[in-house]
Amino acid sequence: MTSAPATQTRPPEGTPRTSWMQLGVISASEFVVWAGFGAIIPYLPLFLEEQAHASMTLWAIIAAMFYVGTLLFSSPLGWLSDTIGRKPVMVGGAVVYTVALLLFTTTTDPYWFILFRLLEGIGTAAFGPAAQSFVADITTEENRSKAYGFLTTAQFGGLIVGPALAAPLYALGGGGTSGFYAIFYFGAILSALALVAIVLFVREPAALKTRRTQRRRDREANLGWRASLKNYRAIFTPPILAFVLIAFTSHYAMGAWDVVWSLYLSHLGASKTYISMTWVAFSVPMLLSFVGGIFADRYSRFWLFVIGYALSSFAWMFYGSSVNLVALIVVNVLEGFAIAFSYPAKQALLIQMSPQRWFGTVTGVEATSMQLAGLLGSLTAPLIYARISGRVFTFAGIIALVGLAIAAPIIYRAWRRLQAQGDMPSQAELERLSDGARSAYAAEPPRGPE
């Protein structure tokens, strides 16, 4: 049984097709941004401990501020990308993110880092949902998993390069504060390069013009408040709420990871190089995400997604139950394979079940759920770690598995309904037919689930 059969009907002559060139630009931009991100994140807790002399409690607050920024801004900025377009929101996010990284090099006062991490979160909240929705806009249903697979491959390719370069950059900077600053400069330069690429080469999807026309027609017909009410009902359906639940339960662990993973490994006697290599070990299998996307388009998005997320939950449980450094890095690799074959399927399945005019809003709401969980994880993990040490990761894995067990049956029923409907029209075909054909409720934007 397939989620998007390879034999899907060809769109009518003249219907726009997937824009692989635009996908390449976004993927290249994500590669360089994630390379900078990957270089910084493993060393940031150590920088705060060794150079800024921040306590565990203060570091938890600093880490939490990233999630506060993404939590507060992902939903409204995702909605904004549905309203004004993807490109301006992505450009604004890249600018804020670049500035935030540069600000880290201006002081070692840890209290300023609370503000800097908040700005990082805002930049990510702007760029992430807009970029994910941009990919949905420029792809057709029959190859959307593959497109998300290529995007994920590019992201984790950067996450391989970044940590691998972190140690040489630290040494090149002379160690200490200067060494850490060299890593921040590297991240800021790569983020600026991505910004330039987006400004010069990204074109706004044609779907934006359709959305604007529909909103104008509904305003002229005085259908605004009725359209808004029905849009909320269309967005917050049981399957989408199930995805939101999975986003929450599976990302609590990421908040814990950001705060205590590097310190946990350090307390186990791991070197800085080993800590960086744990990120690389997870990321190398993620290079096969494009293969996972191809499989998801050809076979079953649902089962690839569920099995991969379940295996990831078991991996988190293992991290908290073992102190064997060799075993930990082996499981990092296995989890990387699980996510590589599940994440593109999950993302495409979420888009497949979403209202086509509100991709940005849906991905923004999902991101908000992720960041709320990450915020709670970053605030509570240090307290739990102080009592049960690395078993905090086992606790996080159990939460992820429970969330998946609750949400998967809801998503499965919706997926089976999609299968029963047969081949669906492509996004491009729906846009071509949408002028005056869609019902009025699909046009007025909601005011954002802030």
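The values are calculated or read from the model by the stated rules, or taken from the named source; none is laboratory data. No experiment lies behind these values; they were computed from the predicted model shown. Heads up, the Cβs are rebuilt from the backbone with ideal geometry, glycines too, and the neighbour counts pull from every protein chain shown.
Would you say Ala54 is over 30 Å from Thr210 (Cβ atoms) and in a helix (DSSP H, G or I)?
no
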The number of residues in the range 187-213 that are of a type in the set (S, T, N, Q) and either in contact with a helix residue (DSSP H, G or I) (Cβ under 7 Å, 6 or more places away or on another chain) or modelled with pLDDT of 85 or more (or both) is 2
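Would you say Tyr309 is under 24 Å from Ala125 (Cα atoms) and either in contact with a helix residue (DSSP H, G or I) (Cβ under 8 Å, 6 or more places away or on another chain) or in a loop (DSSP other than H, G, I, E, B) (or both)? Working first, answer last.
On the way: under 24 Å from Ala125 (Cα atoms): yes; either in contact with a helix residue (DSSP H, G or I) (Cβ under 8 Å, 6 or more places away or on another chain) or in a loop (DSSP other than H, G, I, E, B) (or both): yes.
For Tyr309, the condition - under 24 Å from Ala125 (Cα atoms) and either in contact with a helix residue (DSSP H, G or I) (Cβ under 8 Å, 6 or more places away or on another chain) or in a loop (DSSP other than H, G, I, E, B) (or both) - is met.
Can you report the number of residues in the range 83-129 which are of a type in the set (S, T, N, Q) and without any contact (Cβ under 8 Å) to a residue 60 or more places away in the chain?
Initial filter on the range 83-129 (of a type in the set (S, T, N, Q)): 83, 98, 105-108, 124.
Now restrict to residues that are without any contact (Cβ under 8 Å) to a residue 60 or more places away in the chain: 106-107, 124.
Total meeting the criteria: 3.
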Scanning the range 90-116 for residues that are among the polar types (S, T, N, Q) and outside any helix (DSSP H, G or I) gives Thr107, Thr108
Anything in the range 339-382 that is among the hydroxyl-bearing types (Ser, Thr, Tyr), at pLDDT below 90 and more than 12 Å from the chain's Cα centre (by Cα)? List them, or say none.
Ser354, Thr361, Ser378, Thr380
Considering each of Glu450, Glu431, Glu444 in turn, give the residue that is touching an Asp or Glu at 6+ places or on another chain (Cβ under 6 Å) and either surrounded by fewer than 15 Cβ atoms within 10 Å (Cβ to Cβ) or at pLDDT below 60 (or both).
Glu444
Do you know which of the residues in the range 131-150 that are under 12 Å from Trp20 (Cβ atoms) and assigned to a helix (DSSP H, G or I) is modelled with the lowest pLDDT?
Asn143
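Per-residue answers, yes or no, for (1) surrounded by fewer than 23 Cβ atoms within 10 Å (Cβ to Cβ); (2) of a type in the set (Ser, Thr, Tyr); (3) farther than 30 Å from Glu50 by Cβ:
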site	(1), (2), (3)
Leu72	yes, no, yes
Ala94	no, no, no
Val99	yes, no, no
Phe104	no, no, no
Ile114	yes, no, no
Val135	no, no, yes
Tyr185	yes, yes, no
Any residue at all in the range 180-194 that is farther than 30 Å from Ala296 by Cβ, free of Cβ contacts under 8 Å to residues at least 24 places away in the same chain and out of contact with any Gly (no Cβ under 7 Å at 6 or more places or on another chain)?
no
